[in-house]
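Step one of this worksheet: look at the structure below.
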Amino acid sequence: MSTLGAIMASEIAETPKVFTAILDNKDAFNSIADVLKTEEIKSVLILARGTSDNAAHYLKYLIETQIGLPVGLTSPSSVTVYDSELKYSNTLIVAISQSGQSPDLVKFATAAREANAYIIAMTNDDKSPLATVAHNHFSLLAGPELAVAATKSYNAQLLVSYLLVAAWTGKQVNAQQIISEASRIAGINNLVTEAVQAASRDREVVILGRGFAYPNAREAALKIQETCKISVQGLSTADYLHGPISALTPETQVFIIAPSHMPVSSITEATVKIRKTSSRIFWIGNGGTPEGDDIVLTGSNCDDEIASTIVDAMVLQRFALEFAVASGFDPDAPVGLSKVTLTN
């Protein structure tokens, strides 16, 4: 029996346990419930790289849709390369990192705090440099993550982001349902088998999503690139229609991220145009509009799109894992990558 990807597989399977730990500790988020008011926050910036940057896009959508504050993504090189002087009064910085060690993130967060920003960090290491810089730190409680491709820590970042915004809005979180759906997805042995057998490394892969699905589209593309050694595009369906669709061929494999309860109207225009050229369509989640020979990778059935997106991350991770193994690669240790990337 092959042991390729055994570590990554075990870490994806730990997600329900990680979710349980985070949700059991959700009262910790009460400490920042009033921070937007007390710090007179006018805007939010999110500091992240790589996989964590995809989680940042999820948090960005959450804050913009649930609170209405303007949210941007930081450019760490503005400090590390260009030595810019920041003016961040009434600004909240949310720093997201698995390790909390990347020098450019730490340097930017330090400069932002000196410029009067309020810093909240989420990392998997309570004693990391990034955690130390922050006014408030929230642990991902994911435990050691050994596979190079981040999985359970990304899932934890989505959930912690959800709880941050829930603390600010007073939204009630259905903790038991999130844990139950994550456990159900983890227990489906053939969750992605049909899709893995139908997919090919020799044909173009495009992964699309919109709204809350967009961060997972980006993350799915990254995971497949990391583990399967092929180039993959992860795009918003709207951006895809603004140019990249011109490269679509009958052989293009189109994956559409579709969490339960997503507004179907958000992807209708794209799917109609895609079907005119390609019939190789895969759906990740239960919120899509599959037809004919489309392949569906079952997702979660949480109360809303926001929570479903969190759990569905496990599905895209399972696909990347099993597609890599089927292609003869070891997703635990992709060539040319290391677990902690220390960018300056």
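The values are calculated or read from the model by the stated rules, or taken from the named source; none is laboratory data. Since the model is a prediction, treat every value here as computed from it, not as a measurement. With ideal geometry, Cβ positions are generated from the backbone for all residues, glycine too; neighbour counts draw on all protein chains shown. Surface areas here come from the heavy atoms of the whole protein model, side chains and all, with no ligands, DNA or RNA. Shrake-Rupley method; radii C 1.70, N 1.55, O 1.52, S 1.80 Å.
With 0.36 nm allotted per residue and the present C-alpha distance subtracted, the E40-D27 stretch has 2.4 nm of extension available.
Only the Cβ atoms of Lys and Arg (+1) and of Asp and Glu (-1) were treated as charged; on that basis the dipole of region 60-192 about its Cα centre amounts to roughly 260 debye.
These residues, W168, W283, go from largest to smallest accessible area, 1.4 Å probe, as W168, W283.
Mind checking Rg over Rh on the chain, alpha carbons, Kirkwood formula for Rh?
Across the chain, the Cα-based Rg/Rh ratio is 0.96.
Expressed as a whole percent, the accessible surface of the chain that belongs to carbon and sulfur atoms is 49, based on a 1.4 Å probe. Sorted largest first by accessible area at a 1.4 angstrom probe radius, with every protein chain in place, the residues V254, V148 fall in the order V148, V254.
Secondary-structure-derived ellipticity at 222 nm for the chain, considering helices only, amounts to -13000 deg cm²/dmol, per-run term -39500 (n - 2.57) for DSSP H runs with n ≥ 4. Accessible surface for region 34-85, divided over its residues, is 49 Å² per residue with a 1.4 Å probe. By a 1.4 Å probe calculation restricted to protein chains, F29 has an accessible surface near 10 Å², given to the nearest 10. Note that region 260-344, at 20 °C in a medium of 1.002 mPa s, gets a Stokes-Einstein diffusion coefficient of 140 µm²/s from its Kirkwood radius over C-alpha pairs. Give, as ranges by residue number, the residues of region 231-251 whose backbone N falls under 20 Å from the point 7 Å along Cα→Cβ of K276. Residues passing the 20 Å test: 236-251. Dipole magnitude for the chain: computed about the Cα centre from +1 point charges on Lys and Arg Cβ and -1 point charges on Asp and Glu Cβ, it is near 260 debye. Placing pseudo-labels 7 Å out from each Cα toward the beta carbon at R203 and A6 gives an inter-label distance of 3.4 nm.
Annotation: extensible slack from L73 through V335 equals 91.4 nm (criterion: 0.36 nm per residue apart, minus Cα-Cα distance). Annotation: extensible slack from S246 through K171 equals 22.8 nm (criterion: 0.36 nm per residue apart, minus Cα-Cα distance). Between T343 and E114, take the C-beta separation as r, use R0 = 25 Å, and let me know the FRET efficiency to the nearest 0.05. With a Förster radius of 25 Å, E is 0.75.
Each 10 Å bin from zero holds the following percent of Cα-Cα pairs in region 232-307: 19, 54, 24, 3.
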